[in-house]
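Here is the structure we will look at.
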Amino acid sequence: MSSNNKRHIVIVGGGFGGISAAKQLKKADVDVTIIDKSNHHLFQPLLYQVATAALSPGDIAAPIRTIIGESRNVRVLLGEVQQIHSEENSLSLGDGRTISYDQLVLALGAQYNYFGHDEWKEHAPGLKSISNALDTRERILLSLEEAEQIDDPKLREPYLTYVIIGGGPTGVEMAGAIAEIVKRNMMRDYSNFSKNETRIFLVEAEPKILNGYPDELSEKARVMLEEMGVRVLLNTPVTNIKKGAVQFGEGTIQTPNIIWAAGVVASPLLDSLGAEQDRTGRVKVNEDLSVPGYRNMYVIGDAAHLDDEDGHPLPALAPVAQQQGEFLGKKLAIKQASNSEQHLFRYRDKGTMATIGRAKAVADINGFKFSGLFAWLMWSVVHILQLMCFHSKTRVFLEWIWYYFTFQRGVRLITDRTTDNYNKLKEEDAKDILALIEN
Ligand SMILES: Cc1cc2nc3c(=O)[nH]c(=O)nc-3n(C[C@H](O)[C@H](O)[C@H](O)COP(=O)(O)OP(=O)(O)OC[C@H]3O[C@@H](n4cnc5c(N)ncnc54)[C@H](O)[C@@H]3O)c2cc1C
């Protein structure tokens, strides 16, 4: 209990799940603390648009304090939870602080899974934070600048090559967006190379991209990407990644532009709970989202594994996290929630969609399948409506309209943040790549 004898609910994670839960608790007779290691909520579905210079970071992220707004019972704390002491009902943060709770909601999200090859991360960063997106943006822009300065087409080839690993929605969106910017939008800015020199590879270990979508939509997405100039390599598992090169059973692609979008794993913090986890580390929660064996602990969103009524695990998607947060917030607002059917979580699937490029998307809405412009319009409306603060909604909408009609890209700035690193990388890469070419 907090000093005023109210229940103290601690929510770790200010993402889709955590924020939705906190919003439901704003008027309840409880004290709430949201702890997040960053100060902002991030709209991850549009991260690739920051990485490809279509949107600015401020368009897709907003401070958690702003989203929660004025509230007498909700406190926001910046800090990274490093340990859960479930027997004492407390948490420790990275800076040594201890926070006690009566009820704990873990909405920790997920992180990229390098399948036991964490050394690949350095050469093939994922797209999970604003910082990742800005690094990717700088790498793309620096690579084009580099290619502009190399006269030998063979030597500039690596700098005009992009490899995206993982054919899920993020990989597909990223490949489509890179194809648009490097084959179209930015071409007019450079004179030393032609768009035919740029090569974009989307690499997938499975026999289809957009696994989980109906075969018909996966195939349509593949065809659309190929038409945009993306080479989709199916059944192609990566065997090694090193500086400036991706290796497969059949050969190697040389490039400093490698982006990892292949699979996620849950936060290692969950391992300490001793609860049953699936193979990606998600905690197998009860139907009311509580952790088996604990009376006051809940896991939601990407960190939770819950099967739907057909026995399939719910996907790691924003609407799942949002609905779970909303459900749990309502449940915790009531002092004694029962375990009756109405207090068990049921996911309302409103459909899935993925965008591929300008006026190109695929959508599966309750079994109705759409592709092309109509699917893209649906995708655009849904994503703009989901942006949390109104300020961003209007601006993003206007920016998209502008890009659509002008083929322009927005934020094409190279700042100092990665230039030094890239230059170091560049010199070593050039040797690596040359050595590989010569071999
Ligand atoms: C590039 C990308 C594209 C995506 N595209 C789509 C899409 O098109 N459609 C869709 O529905 N879904 C998409 N997703 C998935 C969607 O973003 C997630 O399903 C959703 O964010 C899950 O919400 P969550 O609340 O579980 O976790 P998150 O939203 O990831 O939030 C987790 C929060 O916990 C915080 N945190 C983690 N560990 C700690 C700690 N130890 N201490 C303190 N704070 C911590 C993090 O900082 C973060 O703010 C995409 C994801 C990515 C990465």
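The values are calculated or read from the model by the stated rules, or taken from the named source; none is laboratory data. None of the values given here were measured: they were computed from a predicted structure. For neighbour counting, all protein chains shown are included, and Cβ atoms are generated from backbone atoms with ideal geometry for every residue, glycine included. Just the protein is used for accessible areas: all its heavy atoms, side chains included, with ligands, DNA and RNA removed. Shrake-Rupley method; radii C 1.70, N 1.55, O 1.52, S 1.80 Å.
List of remarks:
- When the test is whether a residue is β-branched (Val, Ile, Thr) and either within 15 Å of the ligand (Cβ to nearest atom) or open to solvent by 20 Å² or more (accessible area, probe 1.4 Å) (or both), Val10 passes it.
- The listed residue being in contact (Cβ under 8 Å) with a residue 12 or more places away in the chain, away from the ligand (no atom under 13 Å from the Cβ) and open to solvent by 10 Å² or more (accessible area, probe 1.4 Å), out of Ile130, Ile150, Ile140, Ile181: Ile150
- Remark: pairs (first residue in the stretch 52-69, among the acidic types (Asp, Glu); second residue in a loop (DSSP other than H, G, I, E, B); Cβ separation under 9 Å; 6+ apart in sequence or on different chains) = Asp59/Phe43; Asp59/Leu387.
- Candidates Asp59, Asp29, Asp95, filtered to the one that is open to solvent by less than 40 Å² (accessible area, probe 1.4 Å) and more than 8 Å from the ligand (Cβ to nearest atom): Asp59
- Near pairs, Cβ below 8 angstrom, 6+ apart or cross-chain, from the stretch 165-178 (open to solvent by less than 10 Å² (accessible area, probe 1.4 Å)) to any residue that is more than 10 Å from the ligand (Cβ to nearest atom) and among the basic types (Lys, Arg): Gly167/Lys208; Gly176/Lys360
- Scope the stretch 226-274; condition within 16 Å of the ligand (Cβ to nearest atom), open to solvent by less than 30 Å² (accessible area, probe 1.4 Å) and either assigned to a helix (DSSP H, G or I) or within 23 Å of Ile140 (Cβ to Cβ) (or both); matching residues: Ile258, Ile259, Trp260, Ala261, Ala262, Leu269, Leu270, Leu273
- Restricting attention to the stretch 349-388, the residues that are among the acidic types (Asp, Glu) and either farther than 15 Å from Tyr213 by Cα or assigned to a strand (DSSP E or B) (or both) total 1.
- Residue check for Gln342: part of a loop (DSSP other than H, G, I, E, B) and either open to solvent by less than 10 Å² (accessible area, probe 1.4 Å) or at pLDDT below 90 (or both): no
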